[in-house]
């Protein structure tokens, strides 16, 4: 069932280009109040209705806190957060400096943690909130020159579930999900793959539908992802069912 999201306050990190920019435009079209957070100025017209741009580096916890303090002062709430900001250094692990590796982790993983830390107290106070951490399956079968990106996305799976475990019992209507949009035509992919706007439209559908089976799950594309059960698991479930109904 589709719900109305007009006038929801939606925050998008990494809003300057690619998927982030597409998310900003898609949610503006839905009548949302959109705030973009990014390290660089964007070409999106700041006069656009409902759009505010804040320049901040998500890897810097102090800048992130200041950004969300500004949002809270202006709008009083944050309803939806898309943690989209990420970098993809295409370099061999052997050639990448320890400092560069740590810097990428600070953005891709630390940035998500910083934004969640900043927004969760407000969502808890208002009694409602949705967080979508933009993930990837890159950790499942890493390709060459992707060590830090793959590691950060693997960490994101765990971080999302861990934050959910620490917070979901506090507020009944708080959800923390991972969203995996897929291979997109952005700078990260050398401009191959799907159009970012297609993925942004999926994000709108997910937020509007709001029918996740759990308060923390993985969305892939425009639907909830459910892992396939192994044959052994299916047999075990059937045997346990038979035992529980016997006699």
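For this structure, a couple of remarks:
- Projected area, mean over directions - segment 65-120, Cα convex hull, nm²: 4.4 nm²
- Placing a pseudo-label 7 Å from each Cα along the Cα-to-Cβ vector at residue 225 and residue 126 gives an inter-label distance of 2.8 nm.
- Stokes-Einstein diffusion coefficient of segment 146-212, Kirkwood radius over Cα pairs, 10 °C, 1.306 mPa s, in µm²/s: 113 µm²/s
- Kirkwood-type hydrodynamic radius, segment 1-121: 14.9 Å, calculated from all non-identical alpha-carbon pairs.
- 17 Å reach of a label modelled at residue 94, 7 Å along Cα-to-Cβ, counting backbone N of segment 132-176: 143-148
- Structure remark: mean-square fluctuation, Gaussian network model of the chain, C-alpha springs under 10 Å; the largest value among 214, 141, 67 belongs to 141.
- Fewest neighbouring Cβ atoms within 10 Å first, the residues 156, 28 line up as 28, 156.
- Segment 164-206 versus segment 114-162: alpha-carbon centroid distance in Å: 10 Å
- Orientation-averaged projection of segment 179-229 equals 4.1 nm² [convex hull of Cα atoms, one quarter of hull surface area].
- Pairs of Cα atoms in segment 9-245 fall into 5 Å distance bins, from 0 up to the last occupied one, in shares of 1, 6, 13, 17, 20, 16, 11, 6, 4, 2, 2, 1, 0, 0 percent.
- Rounded to two decimals, the Cα radius of gyration of segment 61-187 over 2.2 N^0.38 Å is 1.13.
- With contacts taken as Cα pairs under 8 Å at a separation of at least 6 residues, segment 9-245 carries a relative contact order of 18 percent.
- Springs between Cα atoms under 10 Å define the GNM used for the chain, and in it the highest mean-square fluctuation of 94, 23, 159 occurs at 94.
- Kirkwood hydrodynamic radius of segment 81-148, from the reciprocal of the average inverse Cα-Cα distance over all distinct pairs: 13.6 Å.
- Helix-only arithmetic for the chain: the sum of -39500 (n - 2.57) across DSSP H runs with n ≥ 4, divided by the residue total, places the mean residue ellipticity at 222 nm at -14000 deg cm²/dmol.
- Exposure proxy ranking for 131, 124, 54, 170, based on other Cβ atoms within 10 angstrom of each Cβ and starting from the fewest, stands as 170, 124, 54, 131.
- Contact order, relative form, for segment 41-179: 27 percent (alpha carbon pairs under 8 Å, 6 or more residues apart, mean separation divided by residue count).
- Using C-alpha pairs under 8 Å with a sequence gap of at least 6, the mean separation divided by the residue count of segment 34-95 gives a relative contact order of 26 percent.
Throughout, read-outs are computed from the coordinates displayed, never taken from laboratory work. A quick note: this is a predicted structure, and the numbers were derived from the prediction, not measured. Heads up, the Cβs are rebuilt from the backbone with ideal geometry, glycines too, and the neighbour counts pull from every protein chain shown.
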